[in-house]
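Note sheet for the following structure.
We did not get these values from a lab; they are worked out from the coordinates using the rules stated. Everything quoted here is computed from the prediction, not taken from an experiment. Neighbour counts run over all protein chains shown; Cβ positions are idealised from the backbone, glycine included.
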Amino acid sequence: MIRVIEARYVKDYVVWLRFSDGTEGKLDLRGELHGEIFEPLRDKRLFRSVAVHPDWHTIAWPNGADFAPEFLHAAVKARLTKRSSRPRPQSRSRGHARAGASRNG
């Protein structure tokens with residue numbers, strides 16, 4: 001069973017999470033804040049009060065809103081996978097003169 005063991009507010013609607021399996025990362029929850037229980041979290045003052053609930057082992061807010069730890073874990077893993085699978089940009093300087101370097105020696 002996956003558990004959220006640490007959470008921090010980052011900015012806007014982004015939280016940083018660490019899970020019981022060692023996975024950690026940032027997650028933007030802006031797109032998840034719809035419906036009666038989650039809409040109040042659009043108030044950034046309330047959103048900032050995110051904390052790990054000691055009994056539910058996930059993030060929760062004073063208004064009773066919470067996200068399933070499995071959902072959060074899958075979302076962080078997907079973001080990490082997406083980020084690591086992007087091709088790395090190649091350096092433009094390979095085989096070319098450095099910026100500011102004289103081509104005439």
Inset, instruction - Looking only at region 64-81, count how many residues are surrounded by 14 or more Cβ atoms within 10 Å (Cβ to Cβ) and more than 11 Å from V4 (Cβ to Cβ). - result: 5
Legend entry - Filtered residue count, region 21-47, keeping only those that are more than 15 Å from D66 (Cβ to Cβ) and surrounded by 14 or more Cβ atoms within 10 Å (Cβ to Cβ): 4
Legend entry - Test set (1) surrounded by fewer than 15 Cβ atoms within 10 Å (Cβ to Cβ); (2) free of Cβ contacts under 8 Å to residues at least 12 places away in the same chain - E6 fails condition number: (2)
Legend entry - Residue list for region 1-40, restricted to those being hydrophobic (A, V, I, L, M, F, W, C), farther than 13 Å from V52 by Cα and not in a loop (DSSP other than H, G, I, E, B): V10, V14, L27
Inset, instruction - Take region 73-86 and flag every residue that is hydrophobic (A, V, I, L, M, F, W, C) and out of contact with any strand residue (DSSP E or B) (no Cβ under 6 Å at 6 or more places or on another chain). - result: A74, A78
Inset, instruction - Give me a count of the residues in region 26-70 that are within 24 Å of L80 (Cβ to Cβ), out of contact with any Asp or Glu (no Cβ under 8 Å at 6 or more places or on another chain) and of a type in the set (A, V, I, L, M). - result: 6
